[in-house]
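Below is one structure, written out as structure tokens, with a few remarks after it.
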Amino acid sequence: PEAAYTFTMEGESAPIELRLAPGDPVENHYYALTDAGEVTSLPKEHIEFLLLGPGAFRERAMLRFDRRRAVQMDFDFDGTSYTLEKTHNRWLVTAPEGYYMPNQKDATNLLTALAELRATGSEEPDETATAEYGFDTPRFVIRIQLEPEGGEGPRETVGPLTIGGVVPGLDQQRFAKSEGRAGLFHVRQSFVESVQAAVAGIQPQPGQGN
């Protein structure tokens, strides 16, 4: 089997064994065999958490940073480059020129989504398959600058975090990679939707037009 587990239920003295083996790759499912000899078919998305490697269990956060120290976000989304800078406790849009963010909650929501982003799966990457993962034309790339602790010294840069294409067979997950973390990861499509909602709050300055 690809994976085997032993579970002990509360109040039960005898453990339960579960073995998982991949089924038809087209249907993207796994066979599960219990110690009672029962076999069933399970969608891969329902048991992916059981297939994660030990490294993924140790650390699932894609980025680790104190959002209170964030002072600049430089990111590309759908081919457009943006820069947000925090001045006097307010986020300003410094790129593209002529834009602003009327609702500061959009910047806060973006930071929250980044700080809370967790990997839902991982796999061994093929370093030659950047196009397959969507990293040649990524959906989203971001670097975050943090003010130095204590207010002295250079800024700290977190990232880049790169969100690529949709994972084959899992249309609600995307490939992702993060500087400082080895491996290829999966993240939920809902994260991209959170970024999209925040970017929608970046608007032309009154009188600038579109």
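See the values below:
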{"read-out": "Exclusive hit being in contact (Cβ under 8 Å) with a residue 40 or more places away in the chain, surrounded by fewer than 13 Cβ atoms within 10 Å (Cβ to Cβ) and either of a type outside the set (Phe, Trp, Tyr) or under 30 Å from Leu20 (Cα atoms) (or both), set Glu97, Glu124, Glu152", "value": "Glu124"}
{"read-out": "From Phe185, Phe175, Phe191, residue being closer than 29 Å to Thr87 by Cα and of a type outside the set (D, E, K, R)", "value": "Phe191"}
{"read-out": "Options Ala3, Ala36, Ala61, Ala70: the member that is at pLDDT 85 or above and either surrounded by fewer than 16 Cβ atoms within 10 Å (Cβ to Cβ) or on the phi > 0 side of the Ramachandran plot (or both)", "value": "Ala61"}
{"read-out": "Qualifying positions in region 180-210 - assigned to a loop (DSSP other than H, G, I, E, B), open to solvent by 30 Å² or more (accessible area, probe 1.4 Å) and farther than 24 Å from Glu48 by Cβ", "value": "Ala200, Gln205, Pro206, Gly207, Gln208, Gly209, Asn210"}
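The values are calculated or read from the model by the stated rules, or taken from the named source; none is laboratory data. The model shown is predicted, which means the values in this text are computed figures rather than measured ones. Backbone-built Cβ (ideal geometry, glycine too); neighbour counts: all protein chains shown. Please note that ligands, DNA and RNA were not included when accessible areas were found on the heavy atoms of the full protein model with its side chains. Shrake-Rupley method; radii C 1.70, N 1.55, O 1.52, S 1.80 Å.
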